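Okay, so here's the structure we're looking at.
The values are calculated or read from the model by the stated rules, or taken from the named source; none is laboratory data. It should be emphasised that the depicted structure is a prediction, and the values quoted were computed from it without experimental measurement. Please note: Cβ atoms are built from the backbone with ideal geometry, for glycine as well, and neighbour counts cover all protein chains shown.
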4 protein chains.
Amino acid sequence: MTTRRFSAPEHPDLDALYGDMAGADVQPLWLLEGLMTATPGKASGAHAWRWKDLKSLAERAGDLVPIERGGDRRVVALANPHLGGRPYATTTLWGAVQYLGPGELAPAHRHSPAALRFVLEGEGVWTLVEGDAVPMAPGDLVLTPAWTWHEHHNPGSEPMLWFDGLDLPIVEALDAVFFEPGADREPNRSVAERSASELRYGGGAGLVPVGGRPAAAHSPLYAYRWADTDRALAALVEQAGGRPAALRFADPSTGRDVMPTMRCEMHRLPPAGATRRPRRVGSSIWVTFRGGCVAHVGEERFALGQGDILAVPSWAELSFEAREQADLFCVSDAPVVEALGLDRLGAGPGPEGGE
Amino acid sequence: MTTRRFSAPEHPDLDALYGDMAGADVQPLWLLEGLMTATPGKASGAHAWRWKDLKSLAERAGDLVPIERGGDRRVVALANPHLGGRPYATTTLWGAVQYLGPGELAPAHRHSPAALRFVLEGEGVWTLVEGDAVPMAPGDLVLTPAWTWHEHHNPGSEPMLWFDGLDLPIVEALDAVFFEPGADREPNRSVAERSASELRYGGGAGLVPVGGRPAAAHSPLYAYRWADTDRALAALVEQAGGRPAALRFADPSTGRDVMPTMRCEMHRLPPAGATRRPRRVGSSIWVTFRGGCVAHVGEERFALGQGDILAVPSWAELSFEAREQADLFCVSDAPVVEALGLDRLGAGPGPEGGE
Amino acid sequence: MTTRRFSAPEHPDLDALYGDMAGADVQPLWLLEGLMTATPGKASGAHAWRWKDLKSLAERAGDLVPIERGGDRRVVALANPHLGGRPYATTTLWGAVQYLGPGELAPAHRHSPAALRFVLEGEGVWTLVEGDAVPMAPGDLVLTPAWTWHEHHNPGSEPMLWFDGLDLPIVEALDAVFFEPGADREPNRSVAERSASELRYGGGAGLVPVGGRPAAAHSPLYAYRWADTDRALAALVEQAGGRPAALRFADPSTGRDVMPTMRCEMHRLPPAGATRRPRRVGSSIWVTFRGGCVAHVGEERFALGQGDILAVPSWAELSFEAREQADLFCVSDAPVVEALGLDRLGAGPGPEGGE
Amino acid sequence: MTTRRFSAPEHPDLDALYGDMAGADVQPLWLLEGLMTATPGKASGAHAWRWKDLKSLAERAGDLVPIERGGDRRVVALANPHLGGRPYATTTLWGAVQYLGPGELAPAHRHSPAALRFVLEGEGVWTLVEGDAVPMAPGDLVLTPAWTWHEHHNPGSEPMLWFDGLDLPIVEALDAVFFEPGADREPNRSVAERSASELRYGGGAGLVPVGGRPAAAHSPLYAYRWADTDRALAALVEQAGGRPAALRFADPSTGRDVMPTMRCEMHRLPPAGATRRPRRVGSSIWVTFRGGCVAHVGEERFALGQGDILAVPSWAELSFEAREQADLFCVSDAPVVEALGLDRLGAGPGPEGGE
């Protein structure tokens, strides 16, 4: 099952054997090259996208492609050039920028791939998740877990742009994709200031309602607000004596990842802060929310400014140096890798935050 | 193994048999009455203590018993008169009022029974838990989990009174009590505004630090602040359309109970709110933090005002009616009952909060 | 909360205070002696019962006390003399010898305390657990988990004697005892060679039926046969190079303990084998099934022959030396101690079996 | 994110936009067809391979391709023609037939993809898993879990053929493949009758050794013997009143699947037995070990005789009818699908075995 291969078949009957094998829908392992690699990461590479480009392209699409022509979602997908034309940011993660113009409505649908939104620009939009209206603002993480109905509303006068993260490549690899469009109905356009999910589960650290937790694999809390994230990061950095720190977004009722296929984190690098992460199995996407930094992935160097997005493949060496304070949102496939017992760390320093 | 008993031994050899049994350190089951009861709760009963009494007695003890004469802790234990003189509030829970006067210090010790504090009156006290200074104020829940070092400081000018809850009767029944006094050393008297545990784990709903969770069976967050509790309860009541609601204090990194032996909850009854709980296995103590209500336990009626404390035995029918808005802190042995598969609910309505 | 106590109250008002406290159903902690001990085990001690005595007493009871006079169960309870007259073997465990004479039937009942039987002598008895007829023979472990209906039948011509283990002291301490007698009906007297529970779950190591596991906290397998136990122990000893070894009886579908409150193990000491166990929190009962050995509990020495039973308190030092090969059945409260986070090992060698 | 697409871009600036998008390594979602399908299974199909073909091809390879020319493993991979030339049996599972001739040795290596062997023909082979020599015989299931060293020895005079199942497509999709060849050393050629893993963990249903379970994600038991499987299936069929039954191979110490990525089951259809399984997410491979049956997958019909192998895609309708008693080994990706919360059953009868 190695990839060693010998030069050529010598025996005259081998050609006939290989022909018969092909006819019988089998393949000889010893002619399959590259089936197993010494380490991961050979099939992919790091790539960065510039916010300037993404925003400009999304805005032009906003002008030229009405949402009903955009197949319900005006989404510009990150297509990592190392992935041979597939519209994916990494081997396991879909990343995209979504643009919702003033007055627009992206109608309801649901799908078994799970999605998350991390808001980059705009105000006044809300999304309806399983009937619960969730306001969106910059820095907020909003979940639309697997098979939940969701639709996006922009009743305001300015567009909103957000980052979309999905586990689509994983769900596709497992041949587990279901999709269902919503009924054509006039949607409810009234919206509360806080979602029901926040009223019930957003009370604070370790405060969970008595009774009634839905038996779902995902977080019952659909929105994590930037004001809370910012305050929590500041406390972590204070407690860490000014060193970089990171928080993980969790199901407040179980502490598990927000969804079974994606881990979400927010990392803060104080000015002049630097971190180095050990190699790890699994890929990730990093979205620069505030500030700027330099990322090193293996031998490559990426200068990241506000809104820039970086895709990092499995088993890559990764480090960051902040020029000014930098806040980075990260989504990864870590829960999948861990659930299947495939997690492994390379040599190197422990990760930031004292992990 | 029933408790049916027949009148008297008829056979003349029985006396000799019973004598020989006694000599051999065995007992005949058929002479043991009351070994198994049809339902629990026979060995206990409900009882209420008045804050007026508790406070007055604690204050008098504050005057008359210096803390070094009080065995390090000036604690007035609730001794449920249904428990035959044992100093326990229920069969499984210790409840008490602790009084710490101005300038006093309750020195360090640790024990395998777990303890919690729910603050009732006073300001400016802090407790040192495993070296982490935790400020205390009314309405706060503060944990000193099993086998953590703890000492209490009152550098201010007014006394503090708090409710102590311990799992001592359980740990004693399991013959698992360890106790260790602290070294005689001059304690650190400087204190931060927020404990390190709060800086790390108090960030907000579903925001947990990356890395470094201690592998403990208890919550890494030692303090749950009244301001957060109050706000979360208000949101729950709003989401419940004005009906009574309750929250459970949880380990923010796992969602489990704060400690493996005690469940802590805060219940809010809006004015004129009423709840009825089904009978359940396990006992509880209820501390009236704000407002007043009437509790019915079986056939008994208890009017509860601010500071009053109610002990409720296993398998009792329990209901509350609020006169004004009432906030009740509740500690119970529910995690123990559930871990051992002994939980059972009687007929009746579902508990409040949609449980 | 220590146990230090000062000589006497000096202040003249103290008597009045203590009187008022008594009237208010509270007790001053500082007058409560011995509330917390430095280590467990102070309230109990080891004790051994001789099979010769137990069997003789049980047989005499069989002659003199008809089963209908024995309250449905002819049970001789081990009453550890260190427990002040309570009919318990340890602070947490009930141990007893049950005697069922030829032609007798112990009618159906159920209770929330869980029970297990370890058969010592006799043939031909079967017990009906939740309608499933389970044959019993020497060396078999048979479960009647919490709240399962059970009745015992002896259709044969010789008596059976077995060891009963129950978690009654724990369930009583939690005030969680429920009991229900069975209906008076003519019981089914036909019995299969193997119980349904064995046909489904007794298939072999790691072979579990697809579908249908009951959602119970206890093992779905009600009987563990001596022939299997014996063979498994021989393999373990072989694999351990002739050193002592032990197996744990587990739920075959989860690997957890057979019931949530009691751990069952079988220990084999080869001839001249010796083991020393570290102190541990929690108590245990040891039943000598075959062979003989010497047990040391702290400073005490107990020579154990076939059928002898030893009760070991919490936090005791325990070691065994075999004279000939000895097979010891052990039931302990370890799952309770572990579930509540109270487990702790003292210094010393690791336990047998490479634990 | 639907797959609806409108006919053509009308706006003259759209071409420029799409060109700029391509240049910026992004893709417009609304031009991506087929990204989400209504249900799974569109990308694959069922396929059957005949044992006659597989055996003949493997034997010819045995003659023509020495093992050192076969890249260490003489493996004929099932290449489902619905998968576009990829050497996989289903989207998530590798299936193959491996042939080890008399006197041959497949040298040591290890890899992060997990492997299992189900033996079809031959005697006398043993495999070395992490230094533990495991004999192999027909009907045995033998595990070589992720990252365990393994090598195969045939000291006998007849060849062995076995089915290989691997999670390679999943581990590849997660970019988590590690591979390491073993050192060139003279292997140990002595072999015990039973592996150490069986001596420790093969004792019987619910009998697990005290102490020392390795903290691995996979079963510590490496071999499940046909004699045990056969006996357990017979008991299940008896208990089911002669209806079809199935068992799952489990970690005896936890009840979990033998490895975190693959579920292994053995299904027995008594003569004239028929089962229908609801659609389910996830794919499977079925190996006919004994007897014969007809499988229906959707609209397709496959007559299966001894040794024939069937690949079943995700969300397919599947039913079996036995002509004679048929024993089918099944490997599936069910643990992956369930761990990620993607499991779903279609309408239809419950699965066999009372699931």
Looking only at region D:108-125, decide whether some residue is in contact with a Ser or Thr (Cβ under 6 Å, 6 or more places away or on another chain) and either away from every other protein chain (no Cβ under 11 Å) or more than 19 Å from residue D:262 (Cα to Cα) (or both).
no
Hey, residue D:60 hits all of (1) buried (at least 21 other Cβ atoms within 10 Å of the Cβ); (2) at the interface with another protein chain (Cβ under 7 Å from one of its Cβ atoms) but one; which does it fall short on?
(1)
Checking the conditions here, which among C:263, C:276 is out of contact with any helix residue (DSSP H, G or I) (no Cβ under 8 Å at 6 or more places or on another chain) and either in the same structural domain as residue C:142 (by TED's automatic domain parsing) or of a type in the set (Val, Ile, Thr) (or both)?
C:276
Scan region D:120-130 residue by residue and report those that are in a strand (DSSP E or B) and either charged (D, E, K, R) or in contact with a His (Cβ under 9 Å, 6 or more places away or on another chain) (or both).
D:121, D:125, D:126, D:127, D:128, D:129
Report, by residue number, each residue of region B:64-76 that is facing chain C (nearest Cβ under 7 Å) and touching a Phe, Trp or Tyr at 6+ places or on another chain (Cβ under 7 Å).
B:65, B:69, B:70, B:71
Among the residues that make up region C:150-158, is at least one of them within 28 Å of residue D:239 (Cβ to Cβ), in a loop (DSSP other than H, G, I, E, B), more than 12 Å from chain B (Cβ to nearest Cβ) and in contact with a Lys or Arg (Cβ under 9 Å, 6 or more places away or on another chain)?
yes
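Results for (1) buried (at least 19 other Cβ atoms within 10 Å of the Cβ); (2) not assigned by TED's automatic domain parsing to the domain that holds residue B:247; (3) not β-branched (Val, Ile, Thr), shown as yes or no for each residue.
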position	(1), (2), (3)
B:85	no, no, yes
B:95	yes, no, yes
B:122	yes, no, yes
B:156	no, no, yes
B:170	yes, no, no
Condition (residue is modelled with pLDDT under 95 and either facing another protein chain (nearest Cβ under 7 Å) or within 22 Å of the chain's Cα centre (by Cα) (or both)) applied to region D:184-197: is it met by at least one residue?
no
Right, residue C:194: surrounded by fewer than 20 Cβ atoms within 10 Å (Cβ to Cβ), part of a loop (DSSP other than H, G, I, E, B) and out of contact with any helix residue (DSSP H, G or I) (no Cβ under 6 Å at 6 or more places or on another chain) or not?
yes
When only residues in region A:340-355 that are at pLDDT 90 or above and surrounded by 22 or more Cβ atoms within 10 Å (Cβ to Cβ) count, which is farthest from residue A:274 (Cα to Cα)?
A:340
Selection over region A:221-243 where residues are polar (S, T, N, Q), in contact with a helix residue (DSSP H, G or I) (Cβ under 7 Å, 6 or more places away or on another chain) and surrounded by 22 or more Cβ atoms within 10 Å (Cβ to Cβ) yields a count of 0
Taking the condition in contact (Cβ under 8 Å) with a residue 12 or more places away in the chain, over 26 Å from residue A:125 (Cα atoms) and not small (Gly, Ala, Ser), does residue A:267 pass?
no
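Condition first: in contact with a Ser or Thr (Cβ under 9 Å, 6 or more places away or on another chain) and at the interface with chain D (Cβ under 8 Å from one of its Cβ atoms). Now tell me which residues in region C:227-247 satisfy that.
If the condition is that a residue be in contact with a Ser or Thr (Cβ under 9 Å, 6 or more places away or on another chain) and at the interface with chain D (Cβ under 8 Å from one of its Cβ atoms), then C:246, C:247 are the ones that fit.
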When you check residue B:146 against the structure, is it away from chain A (no Cβ under 14 Å), under 20 Å from the mean Cα position of the chain (by Cα) and either of a type outside the set (Phe, Trp, Tyr) or outside any loop (DSSP other than H, G, I, E, B) (or both), yes or no?
yes
Test for residue C:242: is it outside the structural domain of residue C:261 (by TED's automatic domain parsing) and out of contact with any Lys or Arg (no Cβ under 6 Å at 6 or more places or on another chain):
no
Which members of region C:26-40 meet the condition of being buried (at least 19 other Cβ atoms within 10 Å of the Cβ) and either at the interface with another protein chain (Cβ under 7 Å from one of its Cβ atoms) or among the basic types (Lys, Arg) (or both)?
C:26, C:27, C:28, C:29, C:30, C:36, C:40
Restricting to region A:41-57, name every residue that is more than 9 Å from chain D (Cβ to nearest Cβ), of a type outside the set (A, V, I, L, M, F, W, C) and not in a helix (DSSP H, G or I).
A:45
Test: residue D:177 is part of a loop (DSSP other than H, G, I, E, B) and farther than 20 Å from residue C:206 by Cβ:
yes
For region D:336-351, which positions are out of contact with any helix residue (DSSP H, G or I) (no Cβ under 9 Å at 6 or more places or on another chain) and touching a residue at least 24 places away in the same chain (Cβ under 8 Å)?
D:337, D:345, D:346, D:347, D:348, D:349, D:350, D:351
Inside region B:95-107, can you point out the residues that are more than 9 Å from chain C (Cβ to nearest Cβ) and either under 21 Å from residue C:37 (Cα atoms) or touching a helix residue (DSSP H, G or I) at 6+ places or on another chain (Cβ under 7 Å) (or both)?
B:95, B:99, B:101, B:106, B:107
Which of the following residues is surrounded by 24 or more Cβ atoms within 10 Å (Cβ to Cβ) and in the same structural domain as residue B:119 (by TED's automatic domain parsing): B:247, B:199?
B:247
Kindly indicate whether residue D:16 is crowded, with 18+ Cβ neighbours inside 10 Å and of a type outside the set (D, E, K, R).
no
Kindly check whether there is at least one residue in region B:206-220 that is within 14 Å of chain A (Cβ to nearest Cβ), surrounded by fewer than 19 Cβ atoms within 10 Å (Cβ to Cβ) and in contact (Cβ under 8 Å) with a residue 60 or more places away in the chain.
yes
Return yes when residue B:238 is of a type in the set (D, E, K, R) and under 18 Å from residue B:140 (Cβ atoms) and no when it is not.
no
Give A:133, A:89, A:77 a once-over and let me know the one that is within 21 Å of residue A:49 (Cβ to Cβ), touching a helix residue (DSSP H, G or I) at 6+ places or on another chain (Cβ under 9 Å) and in a strand (DSSP E or B).
A:77
Every listed condition ((1) under 22 Å from residue A:112 (Cβ atoms); (2) out of contact with any Gly (no Cβ under 6 Å at 6 or more places or on another chain); (3) within 14 Å of chain C (Cβ to nearest Cβ)) holds for residue D:278 save (2)
